[in-house]
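Read through the structure below, which is laid out as structure tokens, and then see the notes.
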Ligand SMILES: [Zn+2]
């Protein structure tokens, strides 16, 4: 793990391998809060020790931004410290995908932890002269992404809702239809000169988030149009104008078509004629 680098007063970030995930640290006068835990309990212990040394106050809280290995698997190192995460994480921990990833990283099943406090909307914590808001703005990169907002510092940790090291990570558990809406809510929370600390890559500004919102929104709305016009998924790359690299679009198109089709099934279009015969 790399050193904690300053982001703002009482706010730091570090990078943990192998996934180059961002680890956040926030310190008030009485306590500190860590954002994300690394991909193994040993790494979690390293993060906790480094955070304690840099913050100079006890680490009292840890937030897991979402249920992916590099953010979650270090959590066992924080036993005895309040941990906060979306309430879907505990269920996610029992899936075969998660268990296979844990095995591959050498994390024993009994070292996997769900956060001690699971919630679906928001929590606030006071670190001593520094207020922290932990909020689920909606589905996006996963079903349970959290953002950590420091209103007095103009800093927001956003997990993998936004990445700057590469294009957005469209995994099988993302929600393409909701992601842009969630980013729209996020944009409203970022001050003009605010700092957005992303899950992978250098921190970004509000314009970067707006740009990513546009790219994801355009992808999904184009897929919806194509699907409704009967354009098959195999032809979509060539027929569309996408704001993302071809290989990313190629990989995500089947998922996008499937998610749009599922949404259409949930809310079918109204049948014509709208008025009955003789009405
Ligand atoms: Zn992720």
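Which members of the stretch 148-169 meet the condition of being at pLDDT 95 or above and either part of a helix (DSSP H, G or I) or in contact with a helix residue (DSSP H, G or I) (Cβ under 6 Å, 6 or more places away or on another chain) (or both)?
If the condition is that a residue be at pLDDT 95 or above and either part of a helix (DSSP H, G or I) or in contact with a helix residue (DSSP H, G or I) (Cβ under 6 Å, 6 or more places away or on another chain) (or both), then 159, 160, 161, 162 are the ones that fit.
Output the residues belonging to the stretch 28-70 that are out of contact with any strand residue (DSSP E or B) (no Cβ under 6 Å at 6 or more places or on another chain) and buried (at least 24 other Cβ atoms within 10 Å of the Cβ).
37, 39, 44, 65, 66, 67, 68
Just checking, how many residues over the stretch 23-43 are in contact with a helix residue (DSSP H, G or I) (Cβ under 6 Å, 6 or more places away or on another chain), away from the ligand (no atom under 15 Å from the Cβ) and within 18 Å of residue 153 (Cα to Cα)?
Of the residues in that region, 4 qualify.
Can you pull out every residue in the stretch 168-198 that is within 12 Å of the ligand (Cβ to nearest atom) and over 18 Å from residue 132 (Cα atoms)?
168, 169, 170, 171, 172, 173, 174
Checking residue 119 against (1) in contact (Cβ under 8 Å) with a residue 24 or more places away in the chain; (2) over 16 Å from residue 134 (Cα atoms); (3) more than 16 Å from the ligand (Cβ to nearest atom), which test does it fail?
All conditions are met except number (2).
When residues of the stretch 44-79 are filtered for being in a loop (DSSP other than H, G, I, E, B) and away from the ligand (no atom under 16 Å from the Cβ), how many remain?
Residues in the stretch 44-79 being in a loop (DSSP other than H, G, I, E, B) and away from the ligand (no atom under 16 Å from the Cβ): 4 in total.
With touching a helix residue (DSSP H, G or I) at 6+ places or on another chain (Cβ under 6 Å) and in contact (Cβ under 8 Å) with a residue 60 or more places away in the chain as the only criterion, which of 242, 260 stands out?
From the options 242, 260, the qualifying one is 260.
I'd like to know if the stretch 10-31 contains one or more residues that are free of Cβ contacts under 8 Å to residues at least 60 places away in the same chain and more than 20 Å from the chain's Cα centre (by Cα).
No - not one qualifying residue is present in the stretch 10-31.
When the residues of the stretch 140-159 are narrowed to those that are over 14 Å from residue 89 (Cβ atoms) and within 16 Å of the ligand (Cβ to nearest atom), which ends up surrounded by the fewest Cβ atoms within 10 Å (Cβ to Cβ)?
Going through the qualifying residues, I end up with 148.
The values are calculated or read from the model by the stated rules, or taken from the named source; none is laboratory data. Since this is a predicted model, take the numbers as computed values, not measurements. We place every Cβ from the backbone using ideal geometry, glycine too, and count neighbours over all the protein chains shown.
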